[in-house]
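Read-outs: derived from the displayed coordinates by stated rules, not from any lab. Everything quoted here is computed from the prediction, not taken from an experiment. Please note: Cβ atoms are built from the backbone with ideal geometry, for glycine as well, and neighbour counts cover all protein chains shown.
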Amino acid sequence: MKVSELRGKSASELQESLESELEKQFKMRMKRATGQHEQSHEFKQVRRDIARIKTVLNEAVLTEAAGN
């Protein structure tokens, strides 16, 4: 997921993406706990995607607050 793609989305779309990524992270943690998860590199990717989404959401809030 690229930051440029995220900046083109609305706040509600970003919130949905965040919830989706958090759910994906939870499912991956459960698979790892039961020994079923094989691709450990996905943990890093999902964690970074979550951080990107949160950063863009925070930027939107700050620019909205500065505009008022």
Report summary line: Within segment 4-20, residues surrounded by 11 or more Cβ atoms within 10 Å (Cβ to Cβ) and part of a helix (DSSP H, G or I) come out as 5, 6, 7, 11, 13, 14, 15, 16, 17, 18, 19, 20
Query - Where a residue in segment 36-53 is under 19 Å from residue 3 (Cβ atoms) and its partner, wherever it lies, is of a type in the set (Ser, Thr, Tyr) and surrounded by 13 or more Cβ atoms within 10 Å (Cβ to Cβ), with Cβ under 9 Å and at least six apart - result: 49/17; 53/17
Query raised in the report: Which members of segment 39-68 meet the condition of being exposed (fewer than 10 other Cβ atoms within 10 Å of the Cβ) and of a type in the set (Gly, Ala, Ser)?
Result: 40, 65, 66, 67
Query raised in the report: Among all residue pairs at least 6 apart or on different chains, which show Cβ distances below 9 Å where the first residue, located in segment 14-25, is in contact (Cβ under 8 Å) with a residue 24 or more places away in the chain and of a type in the set (Ser, Thr, Tyr) and the second is assigned to a helix (DSSP H, G or I) and crowded, with 17+ Cβ neighbours inside 10 Å?
Result: 17/6; 17/49; 17/53
Report task. Quick one: residue 23 ticks every box in (1) more than 16 Å from residue 2 (Cα to Cα); (2) part of a helix (DSSP H, G or I); (3) touching a helix residue (DSSP H, G or I) at 6+ places or on another chain (Cβ under 8 Å) except a single one, so which number is it? Result -> (3)
